[in-house]
Amino acid sequence: MKRKKYLFGVLFLAVFLLVGCNRTSTEKKIMTTTNTYYEPVKAIVGNKYEVEPIIKSTAVDPHDYKPTTKVSKQIAGTPLVVANGLGYDDWVNDIVEANNMQDSKLSLGEDVLHEKDGTNEHLWFSVENVKKLSKTVYQRASEMDKLNKKTYKKNYQAYSKKLDKLIDKEHQIKQTTNGQKAYVTEPLPDYLLKDLGISVQDNHFAKAIEDGTDPSIKDVQEIQTGLKNHKVDYLVVNKQVTSGVIKKLVKTAKENNVKIISLTETLPRSVGYYKYMNDILDKFAK
Ligand SMILES: [Zn+2]
């Protein structure tokens, strides 16, 4: 009798393990539209899910990205696709709709922050936003895989603490940057500048560059003069988008000792979100 029970126990354990293994091996990857969101998702799901970004390096401008058939198929099979939203990665919506998988999409702009189109879409430059995203990923993962709820919670708490270090660092830097001014070549770092108390002086120009339209001559002249007269403390440049006009502005900034801060829109390969933001903050701290 005793032995039978033991056998049954072993059998039960074997079946349980098989089912368990099967679940994790066939459960598909979580996808993120850009590599910016790889770490905030991976930090939560750990080894329970694979995570793969679609835009993986700074070689691609996310604003111009078009998915391949392979990417469409990958997304169609994922239990969760994490997007930025607010028009930044709209291509994912078409795939989601075509596959009737609305419940598997998590968009930072719409679903987490409840923002609407027209809001500055470079949401990850606010660390608070990324913290909120990670919290929602933890909640989603806990629904998808109830057995590992505790793990996801622990992971979220740890990652949230890590992100708090960035926020603390911002507060420290703000003690010197508060009230400073900047020109930006695109409205890319606006949330970060706001958190540092730095005001943007060329919104109109930056919007034109991002929309891919020619900036007005008046705007360019104003910035040139502003750089020469030290009207701003920084020129913040998106390295992923350059043009003759931007090169000229960089040259003027250099000649007039205006601090240039170079950023990228997506993350360099093998750099995670924490390091990306920390490196940028170091540039302001110097
Ligand atoms: Zn952009």
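Any read-out appearing in this document is the output of simple, stated calculations on the displayed coordinates, not a laboratory observation. Quick caveat: nothing in here was measured; it's all calculated off a predicted structure. Ideal geometry is used to build each Cβ from the backbone, glycine not excepted, and the neighbour counts take in all protein chains shown.
Worth pointing out:
- Long-range HN-HN contacts of Lys56 with modeled amide H, under 5 Å: none
- Prolate/oblate/rounded label for the stretch 114-224 (Cα gyration tensor, a/c 1.5): oblate
- Counted charge near Gln224, where neighbours are those whose Cβ lies closer than 12 Å (Asp, Glu -1; Lys, Arg +1): +1
- Whether the chain is rounded, prolate or oblate, judged on the alpha carbon gyration tensor where a/c under 1.5 counts as rounded: prolate
- For the set Lys73/Lys146; Lys181/Lys218; Lys153/Lys275; Lys207/Lys231; Lys131/Lys228; Lys48/Lys132, the pairs lying more than 29 angstrom apart at their alpha carbons are Lys131/Lys228.
- The fewest-to-most ranking of Phe284, Phe125 by surrounding Cβ atoms within 10 Å reads Phe125, Phe284.
- Oblate is the label for the stretch 222-286, because the ratio a/c of its alpha-carbon gyration tensor axes (a ≥ b ≥ c) is 1.5 or higher and a/b is not greater than b/c.
- Separation in nanometres of the label points that stand 7 Å from Cα toward Cβ, at Asp214 and Asp279: 3.5 nm
- Partner aspartates and glutamates for Lys169 [C-alpha distance under 18 Å; skip if fewer than 8 residues away on the same chain]: Glu128, Asp190, Asp195, Asp279, Asp282
- For the chain, complete DSSP H runs whose alpha carbons reach 15 Å or more along their own long axis and whose mean Kyte-Doolittle score is 0.5 or higher are 2-26.
- Calculated [θ] (222 nm, deg cm²/dmol) that DSSP helices of n ≥ 4 give over the chain, each run adding -39,500 (n - 2.57): -16500 deg cm²/dmol
- Amide H partners (placed H, <5 Å) of Lys259, local residues excluded: Leu235
- Computed over the chain, relative contact order equals 18 percent, with contacts defined as Cα pairs under 8 Å that lie 6+ residues apart.
- About its Cα centre, the dipole of the chain is roughly 1960 debye, where the only charges are +1 on Lys and Arg Cβ and -1 on Asp and Glu Cβ.
- Pairwise label distance in nanometres, Asp233 with Gln102, each label 7 Å out on the Cα-Cβ vector: 4.6 nm
- Nitroxide proxy distance, nm - points 7 Å out along Cα→Cβ at Lys248 and Asp168: 4.6 nm
- Taking Ser57, Ser216, Ser134 and counting other C-beta atoms within 10 Å, the order from fewest to most: Ser216, Ser57, Ser134
- Val71, Val92 arranged by Cβ crowding within 10 Å, fewest neighbours leading: Val71, Val92
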